[in-house]
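The values are calculated or read from the model by the stated rules, or taken from the named source; none is laboratory data. Only a predicted model underlies this, so the values are computations on that prediction, with no experimental measurement involved. Because the Cβ atoms are built from the backbone with ideal geometry, glycine has one as well, and the counts that use them run over all protein chains shown.
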Amino acid sequence: MITLMKYTYETTDNSSYVVATFSDGEKTDSNQLDILVNNEFKNIIKPSCRYVGDDVLISYNITSKISLEHACSNRKITKNGFINIIEGALSALEDIEKYGLFDSGIVFDEKNVYVKAGTYEPSFIYLPCATQDVGIECVKNFVLSLVMGSKIERINDGFIQDLFDILNNPDLCADDLHAFCDEQTKGKKSAAKFAKNARFSVITPTMIDSDGEILRSICQKDGEASSDMKKTLPDNNPPKKQERETPKKRKPKKHIFFILQLVVAGIITLISTSGFFNNADGTLNVKYLLGIILAVFVADIVIYRELFMNEKSVGDEEGEAQMSSSDCASAKEMPDSSESQTAASSIQGVSQSLEQIYSGVQGSEFEDTVLLRDENRCAHLEFFDNGVFKRINLDKEVVTVGKLSKQCDYAIGNNKISKIHAEFIVRDNKFFVKDCNSTNGTYINGSTQRIASNVEYQIYDGYCITLANVDMTLKFW
């Protein structure tokens with residue numbers, strides 16, 4: 001048990017370190033220390049050693065990493081992140097055992113386990129003073145502490161219960177946890193493939209017997225389901241227009257008109273032969289005869305219109321009235337065409353998006369993933385203010401952050417923040433932070449030592465900058 005060992009934080013040349021100091025009286029194993037310094041281990045931070053008097057100072061580079069405790073304080077660990085932590089702990093344990101080191105030297109403490117923001121890929125500290133092996137129990141206790149401490153986000157797919165079943169196995173080994181993590185990862189991939197091919201139904205040979213009864217029953221069920229769907233689903237097809245009943249054309253009374261013509265012609269003939277149209281000398285007066293014929297012609301036209309043209313117009317009006325009434329009835333029965341068009345367009349858009357997703361995955365199966373940069377986005381700081389997620393865009397040369405809105409580019413309503421707390425500087429595509437003589441200080445990557453005032457410190461993507469008690473994360477894109 002290390003009683004006099006303590007941890008401190010240092011920032012040197014834009015790099016952050018956690019320093020484990022072994023005071024006078026504490027013994028470190030020089031062989032273990034040499035193995036650590038001269039070799040690379042999976043998920044183990046490579047240390048550097050120096051001596052100050054009788055004290056041994058072992059430094060671990062934690063640049064671009066944050067402590068697991070700090071990561072869990074903002075949000076809970078995702079399922080994929082938790083799997084990465086388990087895999088990283090197992091890899092560190094197995095790699096340490098290959099070099100003959102004691103696995104009890106790995107520090108499984110939330111404060112001193114460092115992870116990458118977002119992916120939760122862990123990096124562990126190894127103290128070269130261990131004297132015994134504890135095996136898989138150290139990983140088991142570490143995983144259980146995270147679960148029991150409610151550090152994992154709520155998962156409803158039985159993941160936690162399956163994990164408990166494995167951890168409670170008295171014959172637990174590293175292979176069991178590896179298999180569990182692989183199963184969870186492959187299960188997600190297979191589920192994604194199943195979702196892409198969900199519209200295709202597959203009938204295996206075991207579903208069909210010699211008489212074909214199962215296949216027949218499946219077809220019957222499908223038929224019943226389709227009939228039910230037809231009954232329940234509304235018919236979006238517009239109803240057929242009712243055939244307009246053409247009015248029966250009345251037979252024109254031509255014989256009446258012909259009789260009238262014959263009567264008129266006979267009358268004119270009788271009058272002309274009687275000498276009524278003759279002049280004084282006994283010759284025929286053509287003018288009188290033409291006048292009578294013209295008057296008879298006009299009368300014929302009037303009679304023809306009255307008998308035939310008016311009858312046709314009356315029939316057309318009756319037909320149009322019937323047509324308008326039938327069209328109104330069909331219009332009431334028809335669903336709104338705009339609604340059907342929007343529904344059809346939405347379904348069509350979903351199918352097109354699914355086809356695009358499927359084709360994109362299929363085409364990029366053996367290609368590198370390329371992320372296109374959004375030109376409208378820029379480097380920014382992300383943080384939570386009273387539980388509300390906020391962002392500060394670093395779109396100027398100097399962005400001042402403090403409490404006074406009139407004197408700062410961005411104001412934070414926190415009593416711990418000074419009036420003008422810090423400046424974020426952008427120069428030659430590099431980013432710097434400078435403390436402006438703040439009261440409660442500015443810190444980088446969880447260090448307990450505040451940075452010097454009025455001195456620019458270069459920061460990188462993923463760095464955690466703490467203004468008093470407000471944690472900000474630098475994101476480039």
Take ASP461 and decide whether it is of a type outside the set (Gly, Ala, Ser) and either in a loop (DSSP other than H, G, I, E, B) or more than 27 Å from LYS116 (Cα to Cα) (or both). yes
Condition check: aromatic (Phe, Trp, Tyr), out of contact with any strand residue (DSSP E or B) (no Cβ under 7 Å at 6 or more places or on another chain), crowded, with 16+ Cβ neighbours inside 10 Å and closer than 17 Å to GLU121 by Cα. Does PHE41 satisfy that? yes
Here are the criteria: (1) within 44 Å of the chain's Cα centre (by Cα); (2) at pLDDT below 85; (3) surrounded by fewer than 16 Cβ atoms within 10 Å (Cβ to Cβ); (4) part of a loop (DSSP other than H, G, I, E, B). Tell me which single one MET1 does not satisfy. (1)
Would you tally the residues in the stretch 92-141 being in contact with an Asp or Glu (Cβ under 7 Å, 6 or more places away or on another chain), modelled with pLDDT of 90 or more and among the hydroxyl-bearing types (Ser, Thr, Tyr)? 0
Between ALA422, ALA411, which is aliphatic (A, V, I, L, M) and under 22 Å from HIS70 (Cβ atoms)? ALA422
Please go through the stretch 435-455 and pick out each residue that is modelled with pLDDT of 90 or more and assigned to a strand (DSSP E or B). THR442, TYR443, ILE444
Looking at (1) buried (at least 20 other Cβ atoms within 10 Å of the Cβ); (2) over 26 Å from the mean Cα position of the chain (by Cα), find the lone condition where HIS70 falls short. (1)
What is the one condition in (1) modelled with pLDDT under 90; (2) hydrophobic (A, V, I, L, M, F, W, C); (3) surrounded by fewer than 17 Cβ atoms within 10 Å (Cβ to Cβ) that LEU33 does not satisfy? (3)
Go over the candidates VAL388, VAL399, VAL426 one by one and state the one that is surrounded by 15 or more Cβ atoms within 10 Å (Cβ to Cβ), of a type in the set (A, V, I, L, M) and without any contact (Cβ under 8 Å) to a residue 40 or more places away in the chain. VAL399
Residue hits (the stretch 4-30; over 42 Å from the mean Cα position of the chain (by Cα), at pLDDT 85 or above and of a type in the set (A, V, I, L, M)) are VAL19, ALA20
Test LEU93 against the stated conditions and say whether it is in contact with a helix residue (DSSP H, G or I) (Cβ under 9 Å, 6 or more places away or on another chain), of a type in the set (A, V, I, L, M, F, W, C), buried (at least 19 other Cβ atoms within 10 Å of the Cβ) and farther than 30 Å from ILE444 by Cβ. yes
